[in-house]
Amino acid sequence: MRRSGPQGNHHAHPPRRRTGRKQAWGLLLLTWLVFPLAAGAQLDQREIDYEAVIDAGFRRGGTVLNLAGKKIGDEGLKILLARGPQLKKVKKLDLRYNELSEEAGRILAESQAFPNLVALELRHNFLMDAGTVALAGATGFPRLEKLGLGWNEVRDAGALALARSTRFPRLKKLDLRGNFLADATKQELKKKLSHLKSLKLEASL
């Protein structure tokens with residue numbers, strides 16, 4: 001005669017653990033949240049129509065080119081410079097907030113596309129020292145009067161390269177606010193560039 005009860009029940013199973021299931025659901029939820037954001041960012045980059053963005057930026061009969069905030073990056077800058085003769089009329093070029101790297105400084109330094117450029121605005125990019133040093137040696141901006149390089153991660157080497165540069169004989173205004181300059185570097189800039197009408201080194205609070 002079999003006994004019934006806990007000892008005689010050989011088919012009992014231990015309680016199931018739900019930890020693995022919870023972790024799986026957590027990973028799935030994280031994927032749902034993160035993947036669309038990453039995919040959307042990549043899609044935005046792929047879908048930039050550089051030519052259309054550049055065309056839309058021209059003003060005043062082609063003498064002004066405003067690309068501020070368009071985030072064209074170094075690749076878009078290369079496409080812009082390939083425009084050739086169309087750029088010879090440009091007197092003011094605004095490239096603020098375009099995610100330009102130190103490579104952009106080198107690209108601009110090697111370009112002869114803007115012989116009549118008077119104002120070049122590059123604030124809020126990432127030219128850093130390497131890009132700024134390269135730009136200081138540019139030969140394609142003989143008429144430049146205003147140069148904006150604020151908030152570009154520039155340090156002493158880049159700033160001093162600008163102070164010693166002879167490539168901008170008509171320069172009147174230089175903006176280096178928001179960078180990382182030592183006090184000695186600032187004093188050197190003030191001494192070397194005392195002839196400028198405006199030299200901005202300190203970001204206002």
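The values are calculated or read from the model by the stated rules, or taken from the named source; none is laboratory data. No experiment lies behind these values; they were computed from the predicted model shown. Cβ: placed from backbone, ideal geometry, glycine included. Neighbour counts: every protein chain shown.
Residues in the stretch 127-152 that are of a type in the set (Gly, Ala, Ser) and either under 21 Å from Gly178 (Cα atoms) or touching a strand residue (DSSP E or B) at 6+ places or on another chain (Cβ under 8 Å) (or both): Ala130, Gly131, Ala134, Ala136, Gly148, Gly150. Just to be sure before I move on: is Asp94 acidic (Asp, Glu), in contact with a helix residue (DSSP H, G or I) (Cβ under 7 Å, 6 or more places away or on another chain) and buried (at least 21 other Cβ atoms within 10 Å of the Cβ) in the structure I sent? It is false that Asp94 is acidic (Asp, Glu), in contact with a helix residue (DSSP H, G or I) (Cβ under 7 Å, 6 or more places away or on another chain) and buried (at least 21 other Cβ atoms within 10 Å of the Cβ).
When Asp183 is tested against (1) surrounded by 14 or more Cβ atoms within 10 Å (Cβ to Cβ); (2) out of contact with any Lys or Arg (no Cβ under 6 Å at 6 or more places or on another chain); (3) among the charged types (D, E, K, R), exactly one condition is not met: (1). Return yes when Leu199 is closer than 21 Å to Leu93 by Cα, among the hydrophobic types (A, V, I, L, M, F, W, C), under 24 Å from the mean Cα position of the chain (by Cα) and assigned to a helix (DSSP H, G or I) and no when it is not. No. Scanning the stretch 132-177 for residues that are in contact (Cβ under 8 Å) with a residue 40 or more places away in the chain and either within 17 Å of Lys191 (Cβ to Cβ) or in a strand (DSSP E or B) (or both) yields a total of 2.
Residues that are within 26 Å of Leu162 (Cβ to Cβ) and hydroxyl-bearing (Ser, Thr, Tyr) number at least 3 in none of the helices (runs of 4 or more DSSP H) confined to the stretch 49-124. Quick check on Arg143: is it basic (Lys, Arg) and crowded, with 18+ Cβ neighbours inside 10 Å? No. Out of Gly105, Gly69, I need the residue that is buried (at least 20 other Cβ atoms within 10 Å of the Cβ) and modelled with pLDDT of 95 or more. Which one? Result of the check over Gly105, Gly69: Gly105.
Of all residues in the stretch 158-197, those satisfying the criterion of being in contact with a Ser or Thr (Cβ under 8 Å, 6 or more places away or on another chain) and of a type in the set (Gly, Ala, Ser) are Gly158, Ala159, Ala161.
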